[in-house]
Amino acid sequence: MSLLWWLTEQPGEDITEELEYVPGRFVVNRILRPRLSCSCCEKVVQAPLPSRPIERGRPGPGLLAHVLVSKFCDHLPLYRQSRIFDREGIDLDRSTLCDWVGRSTALMEPLADAVGAMVLQGSAIFADDTPIKLQAPGNKKTKTARVWAYVRGERPWAGPAPPAAYYQFTVDRKGKHPQEHLKGYKGWIHADGYAGFNGLFAQDKASKMACVAHIRRKFVDIHASQGSSVAGEAIQRMAKLYEFEKQVRGKSPSERVKLRQARSKPVFDDLEDWLQAQLPKISGKSTLAKAIGYALNRLAKARPYLENGNLELDNNTAERAVKPVAPGRKNYIFRGSEGGGKAAAIAYTLIETVKLNSVDPQAWLTWVLAQIADHKINRINDLMPWCYAAQTA
């Protein structure tokens, strides 16, 4: 038996895979437009330039999408992006990138407004806000501005509408802002105890659903710092409510109400009675007494979820929606102007809504920016992320 036969006839092989990275590349698209002249009338004609996202600008839709995703999804400040481009031999100053962000978000503002209109059509929404620094004009100081998030999410009760998040930027936290954002809304609003929301609630206005997570948080803090057995017991009782919520997630509103009435309501009622019984046993000036007082006040406003399957036990949906603002707040330090804050709100509206629908932000923004300049305003809903997902499925 020859050695050659042994080398060629033995069965099997080893396959080793390794993950490699190939840096992204820049492409220069050349648009050729010949000039033609008529030999009879000596008239010169030339085809017009195709529509582009930024008039008289040089960036393509994919590059604009990349800048937006890098800044508002990956939280890379524009000066860092400028340095990254420079390593690739592309000279793009931060001021140029800033102009592109402003122009592209302004172009897509009608789409963000359409997302906001869709959010306000929901029977129940989630509302929250988060601080962000804004450079004060005329000096080198900053002041605290706000980013507001309003979210429609119907997946917990198998609703038909896709999830959407609508963001707004304001220079302060006055209550007039949410009242203006949600003007005319008459559904349910999940919100925390911020007094600025109170103007939204009345008999002919919206209805309020309080957040049990905020109640629980106060007892968690007390238990962590003081080891209070009463706080620990309160946490355990509320944990039962959350355990029941896992069982009703994804069911229809009527099924959710039926199960909540059978399982959650007795626990909820017992929690209120138990908290009332604890108050006479502790000092009225203690942090625990204040937490119990807060809980009793908020639990009364959280009770509607037991009779409405469209409601959730807490406002965590909105709290998750404001979390993407925090890494950017840390990296950018402050917004340079009110216009920059409004551009950020538009970008957050679009990018976070895309992410909620499990669509790639880069791909969707490229698709939108390639056509939105010529798109009919009365058909703006055709550009929504779920429409893109249906076309590319």
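The values are calculated or read from the model by the stated rules, or taken from the named source; none is laboratory data. A quick note: this is a predicted structure, and the numbers were derived from the prediction, not measured. Cβ: placed from backbone, ideal geometry, glycine included. Neighbour counts: every protein chain shown. Only protein heavy atoms, including side chains, enter the accessible area calculation; ligands, DNA and RNA are left aside. Shrake-Rupley method; radii C 1.70, N 1.55, O 1.52, S 1.80 Å.
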Inset, instruction - Would you be able to tell me the number of residues in segment 335-348 that are surrounded by 17 or more Cβ atoms within 10 Å (Cβ to Cβ) and over 18 Å from the mean Cα position of the chain (by Cα)? - result: 1
Inset, instruction - Give the residues of segment 93-111 that are touching a residue at least 60 places away in the same chain (Cβ under 8 Å) and in a loop (DSSP other than H, G, I, E, B), sorted by residue number. - result: M108
Inset, instruction - Scan segment 302-357 for residues that are among the polar types (S, T, N, Q) and either in a loop (DSSP other than H, G, I, E, B) or in contact with an Asp or Glu (Cβ under 8 Å, 6 or more places away or on another chain) (or both) and jot them down. - result: N308, N310, N315, S337, N357
Inset, instruction - Give the residue, chosen from A291, A302, that is within 14 Å of V212 (Cβ to Cβ), crowded, with 16+ Cβ neighbours inside 10 Å and in contact with a Lys or Arg (Cβ under 6 Å, 6 or more places away or on another chain). - result: A291
Inset, instruction - Please verify whether segment 123-137 includes one or more residues that are surrounded by fewer than 21 Cβ atoms within 10 Å (Cβ to Cβ), within 30 Å of Q203 (Cβ to Cβ), within 18 Å of the chain's Cα centre (by Cα) and not basic (K, R). - result: no
Inset, instruction - Go through segment 349-366 and count every residue that is open to solvent by 50 Å² or more (accessible area, probe 1.4 Å), touching a residue at least 60 places away in the same chain (Cβ under 8 Å) and either hydrophobic (A, V, I, L, M, F, W, C) or on the phi > 0 side of the Ramachandran plot (or both). - result: 1
Inset, instruction - State whether the residues of segment 255-265 include one that is β-branched (V, I, T), open to solvent by 60 Å² or more (accessible area, probe 1.4 Å) and in contact with an Asp or Glu (Cβ under 9 Å, 6 or more places away or on another chain). - result: no
Inset, instruction - Check segment 190-201 and report whether any residue there is under 26 Å from P385 (Cα atoms) and under 17 Å from the mean Cα position of the chain (by Cα). - result: yes
Inset, instruction - Please verify whether segment 48-66 includes one or more residues that are free of Cβ contacts under 8 Å to residues at least 12 places away in the same chain, small (G, A, S) and either assigned to a loop (DSSP other than H, G, I, E, B) or open to solvent by 80 Å² or more (accessible area, probe 1.4 Å) (or both). - result: no
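Each row is one residue, and each column tells you yes or no for (1) within 51 Å of the chain's Cα centre (by Cα); (2) over 30 Å from A106 (Cβ atoms); (3) modelled with pLDDT of 80 or more.
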{"site": "V22", "(1), (2), (3)": "yes, yes, yes"}
{"site": "R33", "(1), (2), (3)": "yes, no, yes"}
{"site": "S37", "(1), (2), (3)": "no, yes, yes"}
{"site": "C41", "(1), (2), (3)": "no, yes, yes"}
{"site": "I54", "(1), (2), (3)": "yes, no, yes"}
{"site": "G57", "(1), (2), (3)": "yes, no, no"}
{"site": "G60", "(1), (2), (3)": "yes, no, yes"}
{"site": "V67", "(1), (2), (3)": "yes, no, yes"}
Legend entry - Any hit, segment 279-286, residues being of a type outside the set (D, E, K, R), at pLDDT below 95 and assigned to a helix (DSSP H, G or I): yes
Legend entry - Candidates A161, A145, A149, A106 - the one that is surrounded by fewer than 19 Cβ atoms within 10 Å (Cβ to Cβ), among the hydrophobic types (A, V, I, L, M, F, W, C) and in contact with an Asp or Glu (Cβ under 8 Å, 6 or more places away or on another chain): A161
Inset, instruction - Would you be able to say whether some residue in segment 73-92 is under 23 Å from L369 (Cβ atoms), aliphatic (A, V, I, L, M), without any contact (Cβ under 8 Å) to a residue 60 or more places away in the chain and surrounded by fewer than 17 Cβ atoms within 10 Å (Cβ to Cβ)? - result: yes
Inset, instruction - List every residue pair whose Cβ atoms sit under 7 Å apart, with the two residues 6 or more apart in sequence or on different chains, where the first one lies in segment 230-257 and is under 17 Å from G309 (Cβ atoms) and without any contact (Cβ under 8 Å) to a residue 40 or more places away in the chain and the second, anywhere, is open to solvent by 40 Å² or more (accessible area, probe 1.4 Å) and among the basic types (K, R). - result: F244/R263
Inset, instruction - From the list K246, K258, K251, K265, pick out the single residue that is among the charged types (D, E, K, R) and either in contact with a His (Cβ under 9 Å, 6 or more places away or on another chain) or not in a helix (DSSP H, G or I) (or both). - result: K251
Inset, instruction - Report, by residue number, each residue of segment 112-132 that is of a type in the set (G, A, S) and either outside any helix (DSSP H, G or I) or farther than 11 Å from Q168 by Cβ (or both). - result: A114, A117, G122, S123, A124, A127
Inset, instruction - Kindly indicate which of A114, A149 is modelled with pLDDT of 95 or more, within 17 Å of the chain's Cα centre (by Cα) and closer than 26 Å to A195 by Cα. - result: A149
Legend entry - Test: residue in segment 217-225 that is without any contact (Cβ under 8 Å) to a residue 40 or more places away in the chain, open to solvent by less than 10 Å² (accessible area, probe 1.4 Å) and under 30 Å from E243 (Cβ atoms): no
Inset, instruction - Residue by residue through segment 164-206, note down the ones that are small (G, A, S) and open to solvent by 40 Å² or more (accessible area, probe 1.4 Å). - result: G184, G193, A195, A202
